[in-house]
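Okay, so here's the structure we're looking at.
The values are calculated or read from the model by the stated rules, or taken from the named source; none is laboratory data. Note that this is a predicted model, so its numbers are computed, not measured. Don't worry about glycine lacking a Cβ; one is built from the backbone with ideal geometry, like all the others, and counts go over all protein chains shown. SASA here: full protein model, heavy atoms, side chains in, ligands and nucleic acids out. Shrake-Rupley method; radii C 1.70, N 1.55, O 1.52, S 1.80 Å.
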Amino acid sequence: MKGKFITVEGSEGVGKSTNIAFIKAWLKQKNIDVIHTREPGGTPLAEELRYVLLKNREENFNPMAELLVMFAARAQHLHEVILPAIERGQWVLCDRFTDATFAYQGFGRGLELNLITELESLVQQGVHPDKTFYLDIDVAIGLQRAQARGDLDRFENEKIEFFERVRQGYLERVAQEPDRYIVIDAGQGLADVQHDISAQLERLVRI
Ligand code: TMP
């Protein structure tokens, strides 16, 4: 039997890492063989591309170039790691995937959404996450948390308006495809967030 492909999305400072660790531990406790990976990244080559994407630099990173590098990393990760794992029957828990490209490069940078859809078809050939946890938080609160962590990468250094557009992008995508997304209110205390996640995982493992 094929494994499930689960992604976790949200804007900066939403608590993705903590909650991904929680989801992974929860699944393992149910004896589900799960691998945890991330985008951009997830293979040595794709992690090099991540470095290129996240590094602060003087030169303007052209949005189209950024988009193509993002999908180059995704092609490598999807075909070398994600798909083989799913074929072996493992579940894949991925920290961000193409929803982030629509939110950041589409809504954030203002690139044509149709163009992203075309690249998505080319690279993914019909492969999409089975379920996506979208952790939602007020942008200002999320940014405060991210800034408290210290050194900011090229994305984290964007203005608040950029992240407002990113959040709007996620919310629009959730509205378009409500069956795939599980929306979690990440503004609650951690215990409440994880209570909600557990309830959703209970349903997911029964499908
Ligand atoms: P992370 O902070 O969640 O590890 O992700 C790295 C950054 O990359 C984050 O600011 C969002 C950004 N990103 C995009 O802009 N487009 C994408 O497709 C992905 C996967 C991430």
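Among the candidates LEU45, LEU68, single out the residue that is touching an Asp or Glu at 6+ places or on another chain (Cβ under 9 Å) and over 25 Å from ARG180 (Cβ atoms).
Sole residue among the options that is touching an Asp or Glu at 6+ places or on another chain (Cβ under 9 Å) and over 25 Å from ARG180 (Cβ atoms): LEU45.
Out of everything in segment 1-41 that is charged (D, E, K, R) and within 16 Å of the ligand (Cβ to nearest atom), what residue ends up being modelled with the lowest pLDDT?
It comes out as GLU12.
Out of the residues in segment 81-112 that are among the acidic types (Asp, Glu) and under 27 Å from PHE22 (Cβ atoms), which is farthest from the ligand (Cβ to nearest atom)?
GLU87
Just to be sure, is ARG109 in contact (Cβ under 8 Å) with a residue 40 or more places away in the chain, farther than 19 Å from PRO40 by Cβ and among the basic types (Lys, Arg)?
no
Take the residues in segment 6-52 that are hydroxyl-bearing (Ser, Thr, Tyr) and assigned to a helix (DSSP H, G or I), then tell me which one is nearest to the chain's Cα centre (by Cα).
My answer is SER17.
Looking at (1) under 15 Å from the mean Cα position of the chain (by Cα); (2) under 26 Å from HIS79 (Cβ atoms); (3) within 13 Å of the ligand (Cβ to nearest atom); (4) open to solvent by 20 Å² or more (accessible area, probe 1.4 Å), find the lone condition where ARG167 falls short.
That leaves (2) as the condition not met.
So, in segment 129-161, exactly how many residues are open to solvent by 80 Å² or more (accessible area, probe 1.4 Å) and among the basic types (Lys, Arg)?
Final tally of qualifying residues: 3.
Conditions: (1) within 17 Å of the chain's Cα centre (by Cα); (2) open to solvent by 30 Å² or more (accessible area, probe 1.4 Å). PHE97 meets all but one. Number of the miss?
Unmet condition: (2).
Is it true that some residue in segment 188-207 is assigned to a loop (DSSP other than H, G, I, E, B), within 14 Å of the ligand (Cβ to nearest atom) and surrounded by 13 or more Cβ atoms within 10 Å (Cβ to Cβ)?
no
Would you mind finding the one in PHE155, PHE102, PHE162, PHE97 that is touching a Pro at 6+ places or on another chain (Cβ under 8 Å) and either within 26 Å of LYS30 (Cβ to Cβ) or at pLDDT 95 or above (or both)?
Being touching a Pro at 6+ places or on another chain (Cβ under 8 Å) and either within 26 Å of LYS30 (Cβ to Cβ) or at pLDDT 95 or above (or both) holds for just one of PHE155, PHE102, PHE162, PHE97, which is PHE97.
On the given criteria, is VAL183 open to solvent by 70 Å² or more (accessible area, probe 1.4 Å), within 16 Å of the chain's Cα centre (by Cα) and either within 20 Å of ASN56 (Cα to Cα) or at pLDDT 95 or above (or both)?
yes
Has segment 118-127 got any residue that is more than 12 Å from the ligand (Cβ to nearest atom), in contact with a Leu (Cβ under 8 Å, 6 or more places away or on another chain) and open to solvent by 20 Å² or more (accessible area, probe 1.4 Å)?
For segment 118-127, residues more than 12 Å from the ligand (Cβ to nearest atom), in contact with a Leu (Cβ under 8 Å, 6 or more places away or on another chain) and open to solvent by 20 Å² or more (accessible area, probe 1.4 Å): present.
Return the total of residues in segment 41-65 being crowded, with 17+ Cβ neighbours inside 10 Å and of a type outside the set (A, V, I, L, M, F, W, C).
Of the residues in that region, 4 qualify.
Among LEU78, LEU68, which is within 12 Å of the ligand (Cβ to nearest atom), open to solvent by 70 Å² or more (accessible area, probe 1.4 Å) and under 21 Å from GLN124 (Cβ atoms)?
LEU68
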